[in-house]
1. For segment 97-133 and segment 180-214, what is the centre-to-centre distance using only Cα atoms, to the nearest Å?
2. Could you pull out the pairs from Lys173/Lys268; Lys167/Lys211; Lys111/Lys268; Lys167/Lys187 whose alpha carbons sit more than 20 Å apart here?
3. Using amide H atoms built in the peptide plane, which far-off residues or other-chain residues are under 5 Å from Phe58 H to H?
4. Between rounded, prolate and oblate, where does segment 153-221 land on the alpha carbon gyration tensor, with a ≥ b ≥ c its root eigenvalues, rounded for a/c under 1.5, else prolate if a/b exceeds b/c?
5. Stretched out fully, how many nm does the piece from Arg277 to Ile132 gain, at 0.36 nm a residue minus the Cα gap?
6. Give me Rg/Rg_expected for segment 2-269, where Rg uses Cα atoms only and Rg_expected = 2.2 N^0.38 Å with N residues.
7. By Kyte-Doolittle mean hydropathy of at least -1.0 and Cα axial length of at least 18 Å, which whole DSSP H helices of the chain are selected?
8. Once the Cβ-Cβ distance between Ser68 and Val246 is put in as r, and R0 is 45 Å, what FRET efficiency do you end up with, to the nearest 0.05?
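Since every read-out is calculated from the coordinates, none of them should be taken as a lab result. The structure displayed is predicted, hence computed values, not measured ones. We place every Cβ from the backbone using ideal geometry, glycine too, and count neighbours over all the protein chains shown.
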Amino acid sequence: MLVNDHFNPRPTDIIVATSPKCGTTWLRALVFSIYNRSSFDFSDHPLSKNNPQELVPFLDGCIQVDGSTSFIDGFPSPRLLSTHLPYSLFPQRMTDDASGCRFVYICRDPKDVLISKWHFANKLRPKDLPPITLDEAFDSFCEGVSHYGPYWDHVLVYWKASLESPKKVLFLKYEDVKKEPGDCVRKVAEFLGVPFSPEEQNDKIVEDIVKLCSFENMSEQDVNKNETRNSKRPISNADFFRKGEVGDWVNHLSPQMAETLDQITEQKLQGTGFSFR
Ligand code: PAP
């Protein structure tokens with residue numbers, strides 16, 4: 001409602017969109033470093049001193065805290081913002097092809113999303129409460145009880161939008177970015193209208209970006225090792241870096257749980273043409 005009532009989109013806005021725990025931190029870093037690659041030296045980059053959420057602010061969070069968009073209204077164009085909101089909740093003035101603003105979305109295997117969410121939720125959990133069990137987290141996730149709505153609905157609405165408006169919504173999979181990060185970096189750059197020149201390719205700028213934004217590099221930066229939490233901000237920067245792997249679910253879910261979740265996913269995706277593989 002606040003976005004609907006207050007947010008004034010600009011044609012140059014770039015919005016990093018995700019369901020929680022699908023690679024928001026990574027995609028923020030990639031989009032920031034791709035878009036601003038000529039402004040910074042890779043040996044002394046803002047991503048070495050700032051968590052990506054400071055460089056690509058969280059639209060929903062800023063509006064919620066301020067109750068207005070004044071903070072974001074003051075940003076120079078082009079604004080790089082991030083959101084967890086489903087595409088269907090954005091006002092038409094943002095989703096219309098004519099509006100110009102673009103969305104870069106990333107999804108992830110639901111089993112890894114569940115495990116990542118479960119770990120994260122327990123980190124945030126007040127110490128005087130018992131930890132959330134995996135069974136509890138599993139049941140909620142399967143029933144569609146997730147922040148920002150059932151996971152599958154979130155993915156499908158962006159996927160459909162990317163098919164209908166490929167110039168407006170770029171749809172990525174975490175697993176693909178892990179496998180072929182360079183290809184994804186090139187794809188994002190082209191989508192954002194800033195493709196890599198032959199000189200940049202020769203200078204290995206794509207490789208520099210991939211390395212800068214890798215889990216291994218980012219999780220080693222002092223700013224991202226910071227575990228400070230307080231009542232105003234109960235989440236620390238370190239909480240956004242756990243394993244950063246594909247398939248960690250295998251270490252947590254029983255074969256029965258994995259099968260149940262795969263079946264739910266199959267049902268939800270039936271007839272859509274979309275697959276997480
Ligand atoms: P958010 O949606 O709450 O902002 P988000 O960044 O999407 O969080 O999720 C964190 C996940 O991304 C963690 O996954 P894991 O629990 O399975 O390990 C985190 O490790 C992973 N992650 C963070 N940075 C990177 C990165 N540079 N490359 C790959 N994965 C990353």
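1. 27 Å
2. Values: Lys173/Lys268 18 Å; Lys167/Lys211 27 Å; Lys111/Lys268 14 Å; Lys167/Lys187 12 Å.
Beyond 20 Å: Lys167/Lys211.
3. Ser82
4. Numbers: a/c = 2.96, a/b = 1.40, b/c = 2.11.
It comes out oblate by the Cα gyration axes.
5. Numbers: separation 145, 0.36 × 145 = 52.20 nm, distance 2.90 nm.
Gain on stretching Arg277 to Ile132: 49.3 nm.
6. Details: Rg = 18.5 Å, N = 268, 2.2 N^0.38 = 18.4 Å.
Normalised Cα radius of gyration, segment 2-269: 1.00.
7. Details: long enough: 110-124 (21 Å, -0.29); 151-164 (20 Å, -0.11); 255-269 (21 Å, -0.81).
Sorted by number, the helices that extend far enough and score high enough are 110-124, 151-164, 255-269.
8. Working: r = 40 Å, r/R0 = 0.88.
That gives a FRET efficiency of 0.70.
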